[in-house]
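Taking it in order: structure first as structure tokens, then the write-up.
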């Protein structure tokens, strides 16, 4: 059955029937108690006249035409917080994924679709059109600069396609495409701890917009290419860098599509924590003697949807070491119960700015309540969204990567690598200053 | 993909994250026991925030729950509360409310008499302890003082007019007023949780305080639905009292309500900080009881988790929380198939009249335990030396009619932990 | 027509008094109004309180009776065709199947097409694969399947629309909660009916030229009150189950002699499984039992195996009034489904008629026959118009259709229109429309009456949440200034519980536990009386 006319005809799917086939054991939409905890805890509630409870009820009532065409599915970031707070563990995001997949391609948000198409075009799998050969060139150029600038990194290596390297490291396209100088802090950290790592010339990109389009075959293809590259290089550990959804999309994709992955997936955050515990990254908070306050955004994709609270603990351990325990303020709620910022699930790229900012208001309030001057987050979408709502709602905080603060703390953060720091930290611990404080 | 099952070893594993599970973890931490807790959201999400011990016995509203307990011990010797001494119950409530207060939600300590907490209907609920944010309503009602109840446009199911119509007979100076919550378009649905979180930001408190001042008139007390913050509500409460100059109290609301979310989020943060291993929002799939240890198996979104524990407390609750389930014929305990005392057939689970004051037999069914709160088999022997049980999963009580759910949870958790500690 | 107070007694006057607000009584009301006649309709409870609300909403193709009762079958077919034309809003033309499964009598199945042909019912044989493609829930053990033009009808909506139309046509009046206590009879005529408001106890006297007894199962009792001994009814109690979701595309009938659990009827967004048939002697305390639910399920599972794991949210019972033509028939399933119109002239009354028996599908024809008699007695020459005149809808009468309010709300996209019942997505604006314009708008209209005229309380939570939200809304509107609203809410959820009780297992148990936590632990509805009376004596503050 279809509805609507002309271009982009909506395919009407039977949500109840589809859900019955897809559901994990023990989570049954029919078991919904209609209590509303899901909607109460969902920042997308009220957008487009919809909320998670309503979505389930409409599915149960057989309102398939409405659900097959509601734009709400692009405002739901599939963060699974509804499932987290549900006594019956009902997962609305599965239905949203179904609806996304069934939308006519030409009606789906252009930003998400184009990014996925771009990813399918080149072996780099980059959504920003960075080809493999461009990437190799950019990496070499920046590495040369680092080696020239700081004598401590004169022998810095940035391996690409190194067979048998212990770590395969992925890379969000934003850095090579837009801000290549931001690549350096990560490399410096690997160099500092003496990690045996490599990029791949193919399949290095982290982002996966194909998952957000709801197109399972495209999602599978993305993961397949990336897994193949890691398998080919015989790396033991695939490290996801500071990007949230890339972690979920890979391990979940391997599981969902039954792919053969001969490696262990890991988050860079876990390694930051491990290296700090082992003394290999001797970070401290001495640089923060003015007591600048920091908070932390737990990326849904990494915490609630993937590793859970152990990773949240690692994030806090690292953050507190970096900024000082007394300067760290948690948002409320946090860890697995944290709110999605509104940047996830492709919302940031969906062109629905008004809705996205309404969604993000809750995050903005959370950040404001902490009184923090900086938000740390290991996720590019969180990063961009929190910057945007900060600016939109008149906040005065900044958003930073972990790698920036790690290098800052170690005194190896170059002047050009401080894009996300404010004037208060622009001159702190610059290389060559020794341990002098500003 | 190469993934190792995550493994934990612990002295005590608490299964369930309702009131009983959280209470067990609290008592275990107080005893310095290495503890892991697993369980997903259950009935605690729907709590009023009141911690009742025993509100009714038979058809008697209990002013003094302790004297009610004395009667209960004679008339219902198998009631879980009949098997715990007053001193233990009192210690349990003291320990638990003190822990709550330390962790961020201030509670009144147990007293000698029941408090009559306000309900959103304007009726009253007998309870032993309550959140500090709700206390002032008791005094205001008792004195019949000038009080303004506020409700909020867009908050369904909470009507100040309704509360006043029902409570007003014994409370002459009670008035009602509807306000619009700052930042919310008039009439658009707004959940209590959303307002509570908004009020954690000082700017929103100032705006609300301004609205309250403008409508308060000659009121001495202001009653509000429970929206005064999720995290550290007492700070929100104090600050709003300071900003308005009035004594404020909260009234529970129907689900999805704030008091339960408050408790759950508080535990989820406070426990890991105190060294407890918490695996939130996951159900244990299976439990193996060995000679020297027990092994819990579960899957979270990321894969397998195994917990090896020397002792286990089962606090999985009833139907809402998944500890009990029933097909068309029998009620069963879901994790181990522990025998459940129950009526002969489904026809006897519920009485004909929904509000029959004798209560429904199904609410009294549950697992049976020995003196050490170890679940017992048909033969009356403990199923395992290291398995204990707590909470409303226990049979022989009627938490609905007797208003004793929190009492059973907290007191039995206290006893179960002390017996478990004896095995460690 | 307004009531005139004479002393303690309110007096009403009308051309035709109709007793019984079921589909038949309201059908008669509309039939007469279309002939320009003023009617006053009363019911001891409210619309569809009896069998009209306690059935599966099947608009029979006639297939069900094709094998045993040729006349009823043909009548059903004709009436079904008419209703599909004139009451389109109330009907879903979903089609139906008759299926036999392994173990059923193949001979019975084989004769089915021929029986249908005799009654003029279109019947198409389907292969097992065709049948299961159309209805994937059917068992693999099918031995025969036929397609027939069954449809479903919303009996609440059709009743409401009947009354609504009659009110508009002639200013006819509907009074709920009005019970006949006696008739004033003078020289072969009923002059007035003495009635009582069952809520307030107030007396009412209704003067009428003609009286129609459409009391359904109670019609024998009403006729008796007028001294008529000619109405002899057999009471057959039928129990059905309601599932949380819709389980089939169309109606599924078991192709065998009628029995328990032999029909599954979609009702918009849900399905109904029925129907037991047990002869009962009285009409008091009729409620569905666990045993009846089990019988329906045990039989139904053979036809539709998925029923074993289906979430049922409620059961309900109705009592079919079956006219006892022959002495000695004690089994309701063997009694005729035909209807009888008694003119009571043999009993010495000239302006009294009783219409009873029959079924939902044939209500229009029953009303037509009754209307013909009553109109001729009044000297009215107008002919019946109900077979041609479409049944108009209205703002206050369209809320009973499952899924309607959800679509309505979703399409309007008005975020300030609060959804008071989340299961069925019934918004505040629907409640407003019902309060203002639905037939039988009592002042104030209570929760039960609102529930009857909408989907409030009919979803998965069976009123657990919406009872409280709607009650709060009624308090907000100023309907109550005491605990009366809570008492009404308690009545409402108690009534819901009667139907929920026999289906409490599986997923409905957590839902029930939550409902009890809400109604008792949170709101204190179970202790309402004690708290109301005992509050003053209980000190408020313990040790702090």
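From (1) outside any loop (DSSP other than H, G, I, E, B); (2) in contact (Cβ under 8 Å) with a residue 24 or more places away in the chain; (3) within 13 Å of another protein chain (Cβ to nearest Cβ), pick out the condition that doesn't hold for residue B:63.
Failed condition: (1).
Go through segment B:282-356 and tell me which strands (runs of 3 or more DSSP E), entirely inside it, have 3 or more residues that are touching a residue at least 40 places away in the same chain (Cβ under 8 Å). Don't jump to the end; show me each part of the working.
Numbers: elements: B:284-289, B:294-300, B:303-314, B:324-326, B:331-333.
Here the list reads B:284-289, B:294-300, B:303-314.
Restricting attention to segment B:386-424, which residues are over 21 Å from residue B:331 (Cα atoms) and assigned to a loop (DSSP other than H, G, I, E, B)?
B:386, B:403, B:404, B:424
Has segment A:253-267 got at least one residue that is surrounded by 24 or more Cβ atoms within 10 Å (Cβ to Cβ), touching a strand residue (DSSP E or B) at 6+ places or on another chain (Cβ under 6 Å) and in contact (Cβ under 8 Å) with a residue 60 or more places away in the chain?
yes
Given the conditions (1) facing another protein chain (nearest Cβ under 8 Å); (2) touching a strand residue (DSSP E or B) at 6+ places or on another chain (Cβ under 7 Å); (3) touching a residue at least 24 places away in the same chain (Cβ under 8 Å), report the number of the one that residue B:161 does not fulfil.
(3)
Just one of C:509, C:474, C:486, C:452 is facing chain B (nearest Cβ under 7 Å) and surrounded by 24 or more Cβ atoms within 10 Å (Cβ to Cβ); which is it?
C:486
Taking segment B:397-424 only, how many residues are more than 17 Å from residue B:30 (Cα to Cα) and touching a strand residue (DSSP E or B) at 6+ places or on another chain (Cβ under 7 Å)?
5
Those residues that are without any contact (Cβ under 8 Å) to a residue 12 or more places away in the chain and assigned to a loop (DSSP other than H, G, I, E, B), I need them from segment A:47-91; list them, please.
Passing the criteria: A:61, A:63.
Residues that are touching a residue at least 12 places away in the same chain (Cβ under 8 Å) and out of contact with any helix residue (DSSP H, G or I) (no Cβ under 8 Å at 6 or more places or on another chain): find the helices (runs of 4 or more DSSP H) completely inside segment A:355-438 holding 2 or more of those.
Numbers: elements: A:380-393, A:402-410, A:423-426.
Here the list reads A:380-393.
Name every residue in segment B:343-373 that is touching a strand residue (DSSP E or B) at 6+ places or on another chain (Cβ under 8 Å), more than 9 Å from chain C (Cβ to nearest Cβ) and closer than 25 Å to residue C:241 by Cα, in order of residue number.
None - no residue of segment B:343-373 is touching a strand residue (DSSP E or B) at 6+ places or on another chain (Cβ under 8 Å), more than 9 Å from chain C (Cβ to nearest Cβ) and closer than 25 Å to residue C:241 by Cα, so the list stays empty.
Given the options B:216, B:169, B:186, B:203, name the one that is modelled with pLDDT under 95, more than 14 Å from chain C (Cβ to nearest Cβ) and surrounded by fewer than 24 Cβ atoms within 10 Å (Cβ to Cβ).
Exactly one of B:216, B:169, B:186, B:203 is modelled with pLDDT under 95, more than 14 Å from chain C (Cβ to nearest Cβ) and surrounded by fewer than 24 Cβ atoms within 10 Å (Cβ to Cβ), namely B:203.
Which residues, counting only those in segment C:434-461, are under 22 Å from residue B:189 (Cβ atoms) and assigned to a loop (DSSP other than H, G, I, E, B)?
If the condition is that a residue be under 22 Å from residue B:189 (Cβ atoms) and assigned to a loop (DSSP other than H, G, I, E, B), then C:454, C:455, C:456, C:457, C:458, C:459, C:460, C:461 are the ones that fit.
When residue C:535 is evaluated against the numbered criteria (1) modelled with pLDDT of 95 or more; (2) at the interface with chain B (Cβ under 8 Å from one of its Cβ atoms), which criterion, by number, is the only one it fails?
Failed condition: (1).
Name the residues in segment A:286-309 that are more than 22 Å from residue B:200 (Cβ to Cβ), touching a residue at least 40 places away in the same chain (Cβ under 8 Å) and either within 13 Å of chain B (Cβ to nearest Cβ) or part of a loop (DSSP other than H, G, I, E, B) (or both), would you?
Correct list: A:289, A:290, A:301, A:302, A:305, A:306, A:307.
Residues being surrounded by fewer than 16 Cβ atoms within 10 Å (Cβ to Cβ), more than 24 Å from residue C:81 (Cα to Cα) and in contact (Cβ under 8 Å) with a residue 12 or more places away in the chain: count how many of those fall in segment C:379-399.
Selection size over segment C:379-399: 1.
Residues to consider are A:137, A:141, A:157; find the one that is assigned to a loop (DSSP other than H, G, I, E, B) and either more than 25 Å from residue A:245 (Cβ to Cβ) or out of contact with any helix residue (DSSP H, G or I) (no Cβ under 8 Å at 6 or more places or on another chain) (or both).
A:157
Quick check on segment A:144-152. Is at least one of its residues at pLDDT 95 or above, under 30 Å from residue A:431 (Cβ atoms) and either outside any helix (DSSP H, G or I) or in contact with a strand residue (DSSP E or B) (Cβ under 6 Å, 6 or more places away or on another chain) (or both)?
No, every residue in segment A:144-152 fails to be at pLDDT 95 or above, under 30 Å from residue A:431 (Cβ atoms) and either outside any helix (DSSP H, G or I) or in contact with a strand residue (DSSP E or B) (Cβ under 6 Å, 6 or more places away or on another chain) (or both).
Kindly indicate which of B:228, B:224 is more than 11 Å from every other protein chain (Cβ to nearest Cβ), part of a strand (DSSP E or B), closer than 21 Å to residue B:50 by Cα and in contact (Cβ under 8 Å) with a residue 60 or more places away in the chain.
Numbers: B:228 fails: part of a strand (DSSP E or B).
Result: B:224 is the single residue among B:228, B:224 that is more than 11 Å from every other protein chain (Cβ to nearest Cβ), part of a strand (DSSP E or B), closer than 21 Å to residue B:50 by Cα and in contact (Cβ under 8 Å) with a residue 60 or more places away in the chain.
Take residue C:256 and decide whether it is in contact (Cβ under 8 Å) with a residue 12 or more places away in the chain and either out of contact with any strand residue (DSSP E or B) (no Cβ under 8 Å at 6 or more places or on another chain) or closer than 21 Å to residue C:27 by Cβ (or both). Let's see the steps before the verdict.
On the way: in contact (Cβ under 8 Å) with a residue 12 or more places away in the chain: yes; either out of contact with any strand residue (DSSP E or B) (no Cβ under 8 Å at 6 or more places or on another chain) or closer than 21 Å to residue C:27 by Cβ (or both): no.
Criteria not met by residue C:256.
Can you find even one residue in segment A:301-312 that is surrounded by fewer than 24 Cβ atoms within 10 Å (Cβ to Cβ) and either within 22 Å of residue A:419 (Cα to Cα) or assigned by TED's automatic domain parsing to the domain that holds residue A:39 (or both)?
No - not one qualifying residue is present in segment A:301-312.
Only one of (1) facing chain C (nearest Cβ under 9 Å); (2) modelled with pLDDT of 95 or more; (3) outside any strand (DSSP E or B); (4) crowded, with 22+ Cβ neighbours inside 10 Å is not met by residue B:112, so which one is it?
Failing condition for residue B:112: (4).
Taking segment B:232-258 as the search range and keeping residues that are under 21 Å from residue B:132 (Cβ atoms) and within 13 Å of chain A (Cβ to nearest Cβ), which one is farthest from the chain's Cα centre (by Cα)?
B:239
Mind listing whichever residues of segment C:102-124 are surrounded by 17 or more Cβ atoms within 10 Å (Cβ to Cβ) and under 27 Å from residue C:153 (Cα atoms)? Quick ask: steps written out before the conclusion?
Step one: filter segment C:102-124 for residues surrounded by 17 or more Cβ atoms within 10 Å (Cβ to Cβ), giving C:104, C:109, C:112-113, C:115-116, C:119, C:121, C:123.
Answer for segment C:102-124, where residues must be surrounded by 17 or more Cβ atoms within 10 Å (Cβ to Cβ) and under 27 Å from residue C:153 (Cα atoms): C:109, C:112, C:113, C:115, C:116, C:119, C:121, C:123.
When residues of segment C:100-144 are filtered for being touching a residue at least 12 places away in the same chain (Cβ under 8 Å), in a helix (DSSP H, G or I) and over 27 Å from residue C:81 (Cα atoms), how many remain?
2
If you check residue B:178 against the conditions, is it within 11 Å of chain C (Cβ to nearest Cβ) and in a strand (DSSP E or B)?
Judged against the criteria, residue B:178 is a match.
Taking the conditions exactly as written (under 25 Å from the mean Cα position of the chain (by Cα), assigned to a strand (DSSP E or B), within 30 Å of residue C:83 (Cα to Cα) and at pLDDT 95 or above), does residue C:163 satisfy them or not?
In short, no.
The values are calculated or read from the model by the stated rules, or taken from the named source; none is laboratory data. Quick caveat, the model's predicted, so the values are computed rather than measured. Using ideal geometry, Cβ is built from the backbone for each residue, glycine included, and neighbour counts are taken over all protein chains shown.
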